[in-house]
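Asks: I have a structure I would like to understand better, so I am pasting it below and will then ask my questions one at a time.
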Amino acid sequence: MSMGVDDFANWLRDLAGTLHDNAAYLTELDSAIGDADHGSNMDRGFQAVVAVLDETTFESVDELLKKAGMTLVSKVGGASGPLYGTFFLRFGTALAGVEVSAATVGEALRAGVGGILARGKAEVGDKTMYDAWAPALSAYDEAVAGGSDLRGALVAAAEAAAKGRDETVPLIARKGRASYLGERSSGHQDPGATSTTLLLESAARTLG
Ligand code: ADP
Ligand code: MG
Ligand code: MG
(Lines give C-alpha, C1' and ligand atoms only; values in the text may rest on other atoms or scores of the structure.)
(Ligands and ions follow the chains in the order given, each with its own letter.)
Protein backbone atom coordinates (compact mmCIF):
# COMPACT_ATOMS: atom_id res chain seq x y z
CA MET A 1 0.00 0.00 0.00
CA SER A 2 1.50 3.28 -1.04
CA MET A 3 -0.87 6.17 -0.57
CA GLY A 4 -0.16 9.62 -1.83
CA VAL A 5 -1.45 12.96 -3.01
CA ASP A 6 -3.83 11.48 -5.59
CA ASP A 7 -5.55 9.25 -3.04
CA PHE A 8 -6.21 12.12 -0.64
CA ALA A 9 -7.34 14.34 -3.51
CA ASN A 10 -9.78 11.60 -4.56
CA TRP A 11 -11.12 11.50 -1.03
CA LEU A 12 -11.70 15.26 -0.93
CA ARG A 13 -13.45 15.15 -4.32
CA ASP A 14 -15.64 12.25 -3.23
CA LEU A 15 -16.44 14.07 0.01
CA ALA A 16 -17.30 17.28 -1.86
CA GLY A 17 -19.72 15.31 -4.06
CA THR A 18 -21.27 13.61 -1.05
CA LEU A 19 -21.71 16.88 0.82
CA HIS A 20 -23.23 18.44 -2.28
CA ASP A 21 -25.70 15.55 -2.60
CA ASN A 22 -26.53 15.81 1.12
CA ALA A 23 -26.63 19.61 1.37
CA ALA A 24 -30.42 19.82 1.57
CA TYR A 25 -30.51 17.07 4.20
CA LEU A 26 -27.81 18.70 6.35
CA THR A 27 -29.56 22.06 6.11
CA GLU A 28 -32.87 20.47 7.06
CA LEU A 29 -31.24 19.00 10.19
CA ASP A 30 -29.77 22.42 10.98
CA SER A 31 -33.15 24.10 10.47
CA ALA A 32 -34.55 22.11 13.40
CA ILE A 33 -31.90 23.14 15.96
CA GLY A 34 -29.77 25.80 14.28
CA ASP A 35 -29.92 28.38 11.51
CA ALA A 36 -30.50 26.17 8.46
CA ASP A 37 -27.10 26.62 6.85
CA HIS A 38 -24.97 23.57 7.63
CA GLY A 39 -25.52 21.99 4.22
CA SER A 40 -24.79 25.18 2.31
CA ASN A 41 -21.78 25.91 4.54
CA MET A 42 -20.24 22.49 3.88
CA ASP A 43 -21.14 22.52 0.18
CA ARG A 44 -19.66 25.98 -0.35
CA GLY A 45 -16.49 25.08 1.54
CA PHE A 46 -15.85 21.83 -0.27
CA GLN A 47 -16.69 23.26 -3.70
CA ALA A 48 -13.94 25.79 -2.94
CA VAL A 49 -11.62 22.91 -1.98
CA VAL A 50 -12.35 21.20 -5.32
CA ALA A 51 -11.61 24.45 -7.16
CA VAL A 52 -8.23 24.58 -5.40
CA LEU A 53 -7.54 20.94 -6.32
CA ASP A 54 -8.34 21.73 -9.95
CA GLU A 55 -5.92 24.62 -10.18
CA THR A 56 -3.01 23.47 -8.00
CA THR A 57 -0.39 20.72 -8.22
CA PHE A 58 0.51 19.48 -4.77
CA GLU A 59 3.86 17.87 -4.02
CA SER A 60 2.88 16.25 -0.75
CA VAL A 61 -0.12 14.97 1.19
CA ASP A 62 0.41 17.45 4.01
CA GLU A 63 0.54 20.40 1.63
CA LEU A 64 -2.75 19.26 0.03
CA LEU A 65 -4.55 18.73 3.32
CA LYS A 66 -3.31 21.97 4.89
CA LYS A 67 -4.48 23.92 1.86
CA ALA A 68 -7.89 22.24 2.13
CA GLY A 69 -8.04 23.28 5.79
CA MET A 70 -7.09 26.88 5.07
CA THR A 71 -9.70 27.00 2.30
CA LEU A 72 -12.43 25.80 4.66
CA VAL A 73 -11.43 28.34 7.32
CA SER A 74 -11.56 31.17 4.79
CA LYS A 75 -14.69 30.13 2.83
CA VAL A 76 -17.03 28.81 5.52
CA GLY A 77 -18.51 31.13 8.07
CA GLY A 78 -20.12 29.74 11.17
CA ALA A 79 -18.90 27.14 13.57
CA SER A 80 -18.19 24.35 11.12
CA GLY A 81 -15.66 26.19 8.92
CA PRO A 82 -13.05 26.82 11.61
CA LEU A 83 -13.72 23.41 13.18
CA TYR A 84 -13.31 21.35 10.00
CA GLY A 85 -10.61 23.74 8.77
CA THR A 86 -8.57 23.15 11.90
CA PHE A 87 -9.18 19.42 11.59
CA PHE A 88 -7.64 19.33 8.11
CA LEU A 89 -4.78 21.66 9.07
CA ARG A 90 -3.74 19.45 11.97
CA PHE A 91 -4.49 16.21 10.13
CA GLY A 92 -2.21 17.34 7.31
CA THR A 93 0.50 18.63 9.61
CA ALA A 94 0.61 15.26 11.37
CA LEU A 95 1.19 13.50 8.03
CA ALA A 96 4.13 15.72 7.02
CA GLY A 97 7.19 13.63 6.28
CA VAL A 98 5.69 10.34 7.43
CA GLU A 99 4.64 7.35 5.37
CA VAL A 100 0.88 6.97 5.16
CA SER A 101 -0.22 3.85 7.05
CA ALA A 102 -3.10 2.73 9.24
CA ALA A 103 -1.07 3.78 12.29
CA THR A 104 0.03 7.20 11.02
CA VAL A 105 -3.45 8.07 9.74
CA GLY A 106 -4.81 7.12 13.17
CA GLU A 107 -2.39 9.49 14.84
CA ALA A 108 -3.25 12.19 12.32
CA LEU A 109 -7.00 11.76 12.88
CA ARG A 110 -6.44 12.14 16.61
CA ALA A 111 -4.37 15.28 16.02
CA GLY A 112 -7.10 16.69 13.78
CA VAL A 113 -9.80 16.05 16.33
CA GLY A 114 -7.51 17.63 18.94
CA GLY A 115 -7.81 20.79 16.87
CA ILE A 116 -11.62 20.57 16.91
CA LEU A 117 -11.50 20.26 20.71
CA ALA A 118 -8.99 23.09 21.09
CA ARG A 119 -11.34 25.40 19.18
CA GLY A 120 -14.76 24.15 20.25
CA LYS A 121 -14.14 22.79 23.76
CA ALA A 122 -16.81 20.13 23.27
CA GLU A 123 -17.13 17.06 25.47
CA VAL A 124 -18.82 13.77 24.68
CA GLY A 125 -22.58 14.20 25.12
CA ASP A 126 -22.67 17.91 24.20
CA LYS A 127 -24.52 17.02 20.96
CA THR A 128 -21.84 18.13 18.51
CA MET A 129 -19.70 16.61 15.79
CA TYR A 130 -17.41 15.36 18.58
CA ASP A 131 -20.11 12.80 19.47
CA ALA A 132 -19.33 11.17 16.10
CA TRP A 133 -15.57 11.75 16.23
CA ALA A 134 -14.93 10.36 19.72
CA PRO A 135 -16.31 6.83 19.13
CA ALA A 136 -14.79 6.87 15.64
CA LEU A 137 -11.28 7.44 17.04
CA SER A 138 -11.73 4.65 19.59
CA ALA A 139 -13.04 2.22 16.98
CA TYR A 140 -10.22 3.12 14.62
CA ASP A 141 -7.53 2.46 17.23
CA GLU A 142 -9.20 -0.76 18.30
CA ALA A 143 -9.32 -1.96 14.69
CA VAL A 144 -5.62 -1.15 14.16
CA ALA A 145 -4.71 -2.93 17.41
CA GLY A 146 -6.65 -5.94 16.11
CA GLY A 147 -4.62 -5.98 12.90
CA SER A 148 -6.88 -4.03 10.52
CA ASP A 149 -5.38 -2.22 7.57
CA LEU A 150 -6.19 1.41 6.77
CA ARG A 151 -9.40 0.58 4.90
CA GLY A 152 -10.62 -1.71 7.67
CA ALA A 153 -9.88 0.85 10.36
CA LEU A 154 -11.70 3.58 8.43
CA VAL A 155 -14.73 1.33 7.93
CA ALA A 156 -14.80 0.66 11.69
CA ALA A 157 -14.45 4.39 12.39
CA ALA A 158 -17.28 5.28 10.00
CA GLU A 159 -19.61 2.70 11.58
CA ALA A 160 -18.85 4.01 15.05
CA ALA A 161 -19.40 7.59 13.88
CA ALA A 162 -22.82 6.64 12.48
CA LYS A 163 -23.77 5.14 15.83
CA GLY A 164 -22.54 8.25 17.65
CA ARG A 165 -24.48 10.42 15.20
CA ASP A 166 -27.69 8.46 15.90
CA GLU A 167 -27.09 8.78 19.63
CA THR A 168 -27.08 12.58 19.38
CA VAL A 169 -30.86 12.54 18.80
CA PRO A 170 -32.03 12.49 22.44
CA LEU A 171 -29.23 14.72 23.73
CA ILE A 172 -29.65 18.29 24.91
CA ALA A 173 -27.14 20.52 23.13
CA ARG A 174 -24.52 22.21 25.30
CA LYS A 175 -22.38 23.79 22.56
CA GLY A 176 -23.05 25.86 19.46
CA ARG A 177 -26.30 27.42 18.30
CA ALA A 178 -28.39 24.39 19.21
CA SER A 179 -27.55 25.01 22.89
CA TYR A 180 -29.69 28.19 22.75
CA LEU A 181 -32.72 25.87 22.46
CA GLY A 182 -31.96 24.04 25.71
CA GLU A 183 -34.29 21.06 26.15
CA ARG A 184 -36.00 21.79 22.83
CA SER A 185 -32.82 20.60 21.08
CA SER A 186 -33.61 17.06 22.23
CA GLY A 187 -35.25 14.82 19.62
CA HIS A 188 -33.16 16.08 16.71
CA GLN A 189 -30.02 14.66 15.09
CA ASP A 190 -26.96 16.90 15.21
CA PRO A 191 -26.01 18.25 11.77
CA GLY A 192 -22.26 18.31 12.46
CA ALA A 193 -22.21 14.72 13.72
CA THR A 194 -23.99 13.87 10.47
CA SER A 195 -21.40 15.59 8.25
CA THR A 196 -18.56 13.99 10.24
CA THR A 197 -20.08 10.58 9.51
CA LEU A 198 -20.25 11.46 5.80
CA LEU A 199 -16.57 12.51 5.94
CA LEU A 200 -15.50 9.19 7.45
CA GLU A 201 -17.74 7.11 5.17
CA SER A 202 -16.15 8.89 2.21
CA ALA A 203 -12.66 8.18 3.60
CA ALA A 204 -13.56 4.51 4.03
CA ARG A 205 -14.69 4.37 0.38
CA THR A 206 -11.67 6.11 -1.10
CA LEU A 207 -8.58 5.56 1.08
CA GLY A 208 -6.58 2.42 1.73
P1 ADP B 1 -23.37 27.50 12.69
O2 ADP B 1 -23.94 26.80 13.89
O3 ADP B 1 -22.42 28.58 13.05
O4 ADP B 1 -24.46 27.94 11.75
P5 ADP B 1 -22.96 25.11 11.12
O6 ADP B 1 -24.45 25.08 11.02
O7 ADP B 1 -22.23 25.02 9.83
O8 ADP B 1 -22.47 26.40 11.90
O9 ADP B 1 -22.45 23.91 12.01
C10 ADP B 1 -23.19 23.48 13.13
C11 ADP B 1 -22.51 22.26 13.73
O12 ADP B 1 -21.26 22.62 14.28
C13 ADP B 1 -23.27 21.63 14.87
O14 ADP B 1 -24.24 20.71 14.41
C15 ADP B 1 -22.20 20.97 15.71
O16 ADP B 1 -21.99 19.62 15.33
C17 ADP B 1 -20.96 21.75 15.37
N18 ADP B 1 -20.51 22.55 16.50
C19 ADP B 1 -21.01 23.74 16.91
N20 ADP B 1 -20.33 24.19 17.99
C21 ADP B 1 -19.38 23.24 18.25
C22 ADP B 1 -18.33 23.10 19.23
N23 ADP B 1 -18.12 24.05 20.17
N24 ADP B 1 -17.55 22.00 19.18
C25 ADP B 1 -17.75 21.05 18.24
N26 ADP B 1 -18.70 21.13 17.29
C27 ADP B 1 -19.50 22.20 17.29
MG1 MG C 1 -25.89 26.49 11.14
MG1 MG D 1 -24.67 29.70 10.61
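Asks: Please tell me if GLU55 is charged (D, E, K, R), over 14 Å from the mean Cα position of the chain (by Cα) and more than 22 Å from LEU150 (Cβ to Cβ).
Replies: yes
Asks: Sticking with this structure for a sec: If we keep just the residues of the range 81-110 that are out of contact with any Ser or Thr (no Cβ under 7 Å at 6 or more places or on another chain), part of a helix (DSSP H, G or I) and small (Gly, Ala, Ser), which is farthest from VAL5 (Cα to Cα)?
Replies: Across the range 81-110, the extreme among qualifying residues is GLY81.
Asks: Let me ask another. Can you tell me which residue within the range 94-131, out of those that are away from ligand 1 (no atom under 16 Å from the Cβ) and polar (S, T, N, Q), is farthest from VAL73 (Cα to Cα)?
Replies: Going through the qualifying residues, I end up with SER101.
Yes/no matrix, rows are residues, columns are (1) within 27 Å of LEU150 (Cα to Cα); (2) at pLDDT 95 or above; (3) among the hydrophobic types (A, V, I, L, M, F, W, C):
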{"site": "ARG13", "(1), (2), (3)": "yes, yes, no"}
{"site": "ALA23", "(1), (2), (3)": "no, yes, yes"}
{"site": "THR27", "(1), (2), (3)": "no, yes, no"}
{"site": "ASP35", "(1), (2), (3)": "no, yes, no"}
{"site": "SER40", "(1), (2), (3)": "no, yes, no"}
{"site": "PHE46", "(1), (2), (3)": "yes, yes, yes"}
{"site": "LEU64", "(1), (2), (3)": "yes, yes, yes"}
{"site": "LYS67", "(1), (2), (3)": "yes, yes, no"}
{"site": "VAL73", "(1), (2), (3)": "no, yes, yes"}
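Asks: A follow-up question, please. Exactly one of these conditions fails for THR128: (1) more than 16 Å from ligand 3 (Cβ to nearest atom); (2) surrounded by 17 or more Cβ atoms within 10 Å (Cβ to Cβ); (3) outside any helix (DSSP H, G or I); (4) not small (Gly, Ala, Ser). Give me its number.
Replies: In the conditions (1) more than 16 Å from ligand 3 (Cβ to nearest atom); (2) surrounded by 17 or more Cβ atoms within 10 Å (Cβ to Cβ); (3) outside any helix (DSSP H, G or I); (4) not small (Gly, Ala, Ser), THR128 misses (1) alone.
Asks: Six or more apart or on different chains, Cβ under 7 Å: which pairs go from a residue in the range 112-128 that's at pLDDT 95 or above to one that's β-branched (Val, Ile, Thr)? Could you list them?
Replies: Listed pairs, sorted by first residue: GLY115/THR86; ILE116/THR86; ARG119/THR86; GLY120/THR128; ALA122/THR128; LYS127/THR168; LYS127/ILE172.
The values are calculated or read from the model by the stated rules, or taken from the named source; none is laboratory data. From a predicted model like this one, the values you see are computed outputs, not experimental measurements. All Cβ positions, glycine included, derive from the backbone under ideal geometry; neighbour counts span all protein chains shown.
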